[in-house]
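Working notes, structure below.
The values are calculated or read from the model by the stated rules, or taken from the named source; none is laboratory data. On a predicted model such as this, the values are computed, not experimentally measured, just so you know. In this analysis, Cβ positions are derived from the backbone assuming ideal geometry, glycine residues included, and neighbour counts consider all displayed protein chains.
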Amino acid sequence: MEENGESVVAWTIKEGDYVVLKREDVFKAVQIQKKRKIIFEKQWIFLDNAVGELYGTTFDVVSGGTLQPRKGNAEDNPTETKEAGLDNRNIVDDGRSQKLTRDDIETLKEQGLKGQDIVQQLIENSTTFRDKTEFAQEKYIKKKKKKYENIVTILKPSTRILALMYHGREPGKICHLRYDTLAQMLTLGNIHAGSKIIVFETCAGLVLGSIMERMGGYGSVIQMYPGGGPVRAATDSFGFPEHFHQTLHEFPLCKVNALLAGTLSLDSKEREGMEESTGASAEPSSSAVLKTEKAQTDSGEQRPAAEAMEVTREAPGGMEKEDRENRRESKIQERKVKLEEKRKKLMAAAAVLQGRDADGLVIASRFHPCPVVLTLLKFVSPSRPFVIYCQYKEPLIECYTKLREQGGVVSLRLSETWLRHYQVLLNRTHPKLLMSGGGGYLLSGTTVAMDAAKPLGPQKADEPAPKRPKLEETQG
């Protein structure tokens with residue numbers, strides 16, 4: 001019973017949880033906060049009433065934007081469509097088939113009618129609904145429900161849901177990574193609990209979050225990032241507990257060469273340089289302020305008596321100077337604390353990487369993968385998998401050739417997943433007309449010990465060049 005009770009609590013919406021709102025094929029990730037307005041599909045809603053309900057519950061959006069749990073299944077069709085015409089040849093779309101005007105519909109909304117009741121009124125006041133075929137009637141009902149039924153389903157964030165959300169609304173942020181390709185990456189990378197994985201991605205943290213979810217909070221994840229800091233917008237949307245973040249380390253890509261050469265160190269001089277680079281020296285220090293004030297005091301002794309009287313009258317200004325000085329000191333101390341924390345995180349990540357015993361490497365970036373792969377593979381143990389994603393195949397072909405020439409890897413494979421959605425209905429099963437053009441390309445392989453591995457490229461001048469990799473397609 002305790003286990004069942006714990007599972008129920010785990011699937012109960014709580015304040016502060018990260019959730020995903022769903023309406024039809026539209027998703028949005030938000031955090032549950034009371035008395036906070038959320039804009040979803042051009043509508044203001046409050047999520048206060050969702051606290052205490054189970055994930056997967058469908059809510060009706062009533063007046064005022066409040067949520068009310070819906071009874072029954074949101075997908076149930078409340079309208080009977082027994083009588084139907086043979087075909088639609090005699091139906092003319094002249095805009096006169098609907099008796100209800102826009103003002104009448106607004107009046108129904110003001111009276112408090114729910115969306116399914118408004119749809120029923122539209123059906124009853126349509127002069128051509130009964131003449132349509134059964135398929136056309138279902139299509140008409142679905143269209144009107146989408147327009148007038150204000151329902152929201154609250155889901156628990158997962159890799160599949162967040163991948164669908166990003167790919168549907170902002171595919172450019174995740175390098176057009178499709179969810180089936182992401183699943184292939186997790187499989188080819190052999191992501192599991194207790195492993196040590198190196199990740200380099202520029203997909204808003206989606207790949208990083210999916211790896212952390214698969215590992216379940218056990219093991220180590222080292223995120224290599226370009227620029228000033230990592231981007232983890234999608235990772236935060238997962239809503240991981242605190243012990244998940246304790247397994248996450250971060251290391252800047254610009255310091256990898258120093259780590260490989262053994263010259264990475266953060267002594268006192270380098271820390272002072274970090275302080276100057278972060279702008280700590282831009283603020284005047286306390287000693288500089290004291291010197292400035294002393295100089296002003298010395299010059300003030302030589303002023304006329306009238307000016308000295310004005311300075312005496314403006315004595316409260318000295319308190320303001322002290323306040324400014326205290327604020328500067330507090331800011332400097334905060335910067336020092338942040339820099340010390342950053343240094344500790346950097347050294348902890350370096351300690352994890354120095355063993356060069358990572359269990360896998362996952363790369364999904366908008367940058368050219370070749371130099372990144374050749375560098376980061378030095379941290380991976382032999383007989384370990386690696387997988388590289390790119391939206392285009394040309395960079396991966398170049399990477400394939402470089403890896404064959406360098407050696408140290410086997411089982412290189414360049415593949416593309418071909419996914420097509422199907423509509424499965426009675427007498428209407430067929431592929432959907434709209435689908436994504438592509439889900440990107442994957443280059444995967446396995447590392448081997450360099451002393452036992454021979455370069456797979458040409459050894460002599462008279463040997464032929466390596467063949468162009470054959471692109472394999474995996475149908476989904």
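Just for the range 54-68: of the residues that are under 25 Å from the mean Cα position of the chain (by Cα) and not in a strand (DSSP E or B), which one is surrounded by the fewest Cβ atoms within 10 Å (Cβ to Cβ)? Ranking the candidates gives G56 first.
Residues checked against (1) surrounded by 13 or more Cβ atoms within 10 Å (Cβ to Cβ); (2) in a helix (DSSP H, G or I):
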residue: I222; (1), (2): yes, no
residue: G228; (1), (2): no, no
residue: D236; (1), (2): yes, yes
residue: H249; (1), (2): yes, no
residue: V256; (1), (2): yes, yes
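Criterion first (among the charged types (D, E, K, R), over 30 Å from I154 (Cα atoms), modelled with pLDDT under 50 and outside the structural domain of L377 (by TED's automatic domain parsing)) does K291 satisfy it? Yes, satisfied. Within the range 320-371, if we keep just the residues that are under 30 Å from T446 (Cα atoms) and acidic (D, E), the residue that is surrounded by the most Cβ atoms within 10 Å (Cβ to Cβ) turns out to be D359.
Across the range 380-408, the qualifying residues are those that are surrounded by 15 or more Cβ atoms within 10 Å (Cβ to Cβ) and in contact with an Asp or Glu (Cβ under 9 Å, 6 or more places away or on another chain), and the one among them that is farthest from L361 (Cα to Cα) is K393.
Is one or more of the residues making up the range 65-74 modelled with pLDDT of 75 or more, at positive phi and in contact with a Lys or Arg (Cβ under 9 Å, 6 or more places away or on another chain)? Yes - at least one qualifying residue is present in the range 65-74. Taking the listed residues S411, S436, the one that is surrounded by fewer than 19 Cβ atoms within 10 Å (Cβ to Cβ), among the small types (G, A, S) and in contact with a strand residue (DSSP E or B) (Cβ under 8 Å, 6 or more places away or on another chain) is S411, with no other qualifying. Considering only the range 143-161, I want to know if a residue exists there that is in a loop (DSSP other than H, G, I, E, B), over 31 Å from the mean Cα position of the chain (by Cα), touching a residue at least 40 places away in the same chain (Cβ under 8 Å) and under 30 Å from G52 (Cβ atoms). No; the residues of the range 143-161 include none that is in a loop (DSSP other than H, G, I, E, B), over 31 Å from the mean Cα position of the chain (by Cα), touching a residue at least 40 places away in the same chain (Cβ under 8 Å) and under 30 Å from G52 (Cβ atoms).
Residues of the range 394-423 that are among the β-branched types (V, I, T), more than 28 Å from the chain's Cα centre (by Cα) and not in a helix (DSSP H, G or I): V409, V410.
Restricting to the range 166-196, and then to whatever is outside any helix (DSSP H, G or I) and touching a strand residue (DSSP E or B) at 6+ places or on another chain (Cβ under 8 Å), can you tell me which residue is nearest to I211 (Cα to Cα)? Among those residues, the one meeting the criterion is I191.
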